[in-house]
Structure formats: C-alpha cells, structure tokens
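Below: the structure, in structure tokens.
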Amino acid sequence: MSLGVWMPDPDYGVYHHSSREDSEKLRVLARVMFVEAFRKIGMDEDASIRIVDIGCGLGFLTVLCATYFKNARITAIDTFSDPSIADNSKEKLMENLKIAGVSDRVAIVEADITKSIRVDDKFDLAVSNLVLHNTGRHRFDVYRNVWNILRCGSYFIDADGFIRKGISSILVDPFRRDMSKISNIFEPEFAMEPRDQKKNAAWRYILVGLRSKCSDV
C-alpha cells in the first residue's frame, strides 16, 4: 500500500510590518475576497485564459488564480528585491509553485513593474495583492503599465492598502483620489473591504475590480 509522499504547505512569507499570524489571517481574507471578485467578473473557471500577477512575491495570488482558473496560464512578475515580503526570492516562489502543483502553468518574469512591461500578447486578466502602495507615486505608472498589457474590456483586480497621510487625506479619501486619477484608463466596477474595517482608518485594505477602457480618454 502506497502512503504517498508528504509535501509541506507553500510558505508565502510575512508581510512588511506584520507577524506571520497576521499575514496568514490577511491571506485568508484575501482569498475569500478574490474568489468573490472572480465570480463577479463572470469569467468561466475552465476558460483557457492568460493571467498576469503584478508583484507576485512568493506566489500566494498566483497559486490562487491557477487553482480557481484550472486551464489558465499565468505570468508572475516581480523583482524579488522588495522588502515588503521577508525573504522574497525567485527560488522560493518556484518551490511554492511546485508544492502547489501549478508550476507547469506559470511563467516567472523578473521585471520592474514601474517600468514598461514587455509581453508577447495581451492578457485576459490582471491581479495584484498588496503591491502598488509600496511603489509610492510610481503606482500610477504601474496602473498605466497594467492597462497597456490588458485586452480591451479586461479586468485588473487589485487589492491594496490605501493610506491616509497628512492633513489633506483627512478631507480626501485616498481610495477615491487614486480611482479618480486613473479614470481615463480604468472604470472601477466594484470594490470590497473587510466588514469590520473602519472607513476612516489610517490604513484600509480594499479590493477593486477595474475594467480596462479601450482607449485613453
């Protein structure tokens, strides 16, 4: 009788300014929110689509996408040098993908997402989790770069931390401010956040479904 081979669970690391326990709690929450977002956009789970994970880190969202969209091929992009995840590395990502059994459907690209992203063909879906706020003002370059590699009318599902800084942020909601600045290339179709999260919190975790516009208007 074969007992099989024991494999460890993927280790997706610890987020910056967080503990392992809190990082795992946030990933549980993110998993629920992203699955709900996938259902909202109405994309077939069995569709043969191309997905890009912007700032993939150690592969949490890459694995989630590959598990939900069973026939998808995913491009995972990261520099693997940002300290937002402890011990981030391409080697650990590859190990996690192998453990999850999805490595054959994932292409890893080392690239700076604040710079122009070179691709052979455009993507059907883009995703990202807790990445853009780490790029500061360059996040608007990232939005533009993602828009450039998406098919017309496709979605960018982005979950991120929106931070209140200074007196101006008391009067202007950071999330609404950012959405207004990208309104020429993306249409926010839905947004969600944890139910127990305070609307005036200094740091808010929000997932937004952005539908790409067909032209820069």
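When only residues in the stretch 195-211 that are basic (K, R) and out of contact with any Ser or Thr (no Cβ under 9 Å at 6 or more places or on another chain) count, which is nearest to W147 (Cα to Cα)? Working first, answer last.
Start the filter on the stretch 195-211 by keeping residues that are basic (K, R), which leaves 195, 198-199, 204, 211.
So of that shortlist, the ones also out of contact with any Ser or Thr (no Cβ under 9 Å at 6 or more places or on another chain) come out as 195, 198-199, 204.
Numbers: R195: 29, K198: 30, K199: 28, R204: 24 Å.
The extreme case among them is R204.
When K92 is tested against (1) within 23 Å of F156 (Cβ to Cβ); (2) touching a residue at least 24 places away in the same chain (Cβ under 8 Å), only condition (1) is not met. Taken over the stretch 120-150, the criterion of being outside any helix (DSSP H, G or I) and either surrounded by fewer than 16 Cβ atoms within 10 Å (Cβ to Cβ) or hydroxyl-bearing (S, T, Y) (or both) is satisfied by D120, D121, K122, S128.
Residues in the stretch 124-142 that are free of Cβ contacts under 8 Å to residues at least 24 places away in the same chain and among the small types (G, A, S): G136 alone. Within the stretch 43-77, restricting attention to residues that are out of contact with any strand residue (DSSP E or B) (no Cβ under 8 Å at 6 or more places or on another chain) and under 20 Å from L26 (Cβ atoms), the residue that is surrounded by the most Cβ atoms within 10 Å (Cβ to Cβ) is V63.
Readers should treat all values here as calculations from the given coordinates under stated rules, not as data from a laboratory. Keep in mind that this is a model prediction, so the values were computed, not measured. Ideal geometry is used to build each Cβ from the backbone, glycine not excepted, and the neighbour counts take in all protein chains shown.
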